[in-house]
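Read through the structure below, which is laid out as structure tokens, and then see the notes.
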């Protein structure tokens, strides 16, 4: 049975302020019992507190995030430079799932660059399998750009047979595809799904101010920004259909995530998503 958890990208500020254990205590108090680690330094302090959260709170570390290579100016661990540490952290935290959050920007520029990325990640996926660990790739909307009539995500998938997928339903929608049909397409190859809603917000008053002053460029920026992230159940995605489709696709974890909060706290957002998913009939998945 799939388990609903939290994507820790949302929690990185809390991790920095109060630490991993106290952050995950709050997560547990809201009713979530699994977490995917992302954008959190995997130093000894955090890893130790994650272990403590597993022991004392029963928190399941669903997956760890990794990069192919470290981007300039950003923290994190890469398969190229930190392979042994990544494997040791995964074993220490009793998880056999790793995920790559995005391909390097330079790999998006041509079909050859995409194929090179996919083949390189496949090599790491094969190495990880020797340690009992599986590697997955997380999509945004860019992966639904087409090269020679074929989606970038399919090019990645076809050239990395040892790497699975982590489907983000919000970004599928932004990419112009249907989340349920996409989950059905990749059934059997999807271990994790991001539950993130898609909302069309209201045009802010500031937009009309720009229009009145003739600042059409800023008006159009505000107009485009009505496309928003949303708490699960507060947007337009059909989660009563998406969650069963994710389960049928073989997902082990369904991870709540919201990239922007629009003035709400992360705890309010997580509580709302938990309440709505429970109301939809998925309370037994927490």
Within 19 Å of the chain's Cα centre (by Cα), in a loop (DSSP other than H, G, I, E, B) and either on the phi < 0 side of the Ramachandran plot or not assigned by TED's automatic domain parsing to the domain that holds residue 35 (or both): is that true of residue 234 in this structure?
yes
So which residues in segment 70-96 are part of a loop (DSSP other than H, G, I, E, B), closer than 18 Å to residue 136 by Cα and more than 18 Å from the chain's Cα centre (by Cα), if there are any at all?
70, 79, 80, 82, 93, 94
Could you please find all residues in segment 155-179 being under 23 Å from residue 259 (Cβ atoms), crowded, with 20+ Cβ neighbours inside 10 Å and touching a residue at least 40 places away in the same chain (Cβ under 8 Å)?
156, 166, 167, 168, 169, 170, 173, 179
In segment 38-55, residue farthest from residue 251 (Cα to Cα) [restricted to those that are free of Cβ contacts under 8 Å to residues at least 24 places away in the same chain and part of a helix (DSSP H, G or I)]
44
Go through segment 10-32 residue by residue and tally those that are buried (at least 19 other Cβ atoms within 10 Å of the Cβ) and either under 23 Å from residue 135 (Cα atoms) or free of Cβ contacts under 8 Å to residues at least 24 places away in the same chain (or both).
3
Could you list all residues from segment 215-274 that are out of contact with any strand residue (DSSP E or B) (no Cβ under 7 Å at 6 or more places or on another chain), under 18 Å from residue 31 (Cα atoms) and surrounded by 16 or more Cβ atoms within 10 Å (Cβ to Cβ)?
266, 269, 271, 272, 274
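Let's see how each residue does on (1) surrounded by 15 or more Cβ atoms within 10 Å (Cβ to Cβ); (2) at pLDDT below 95; (3) in contact with a helix residue (DSSP H, G or I) (Cβ under 6 Å, 6 or more places away or on another chain):
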| site | (1), (2), (3) |
| --- | --- |
| 37 | yes, no, yes |
| 53 | yes, no, yes |
| 60 | yes, no, no |
| 65 | yes, no, no |
| 84 | no, no, no |
| 103 | yes, yes, yes |
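The values are calculated or read from the model by the stated rules, or taken from the named source; none is laboratory data. Just so you know, these numbers come straight off a predicted model, no measurement behind them. Neighbour counts run over all protein chains shown; Cβ positions are idealised from the backbone, glycine included.
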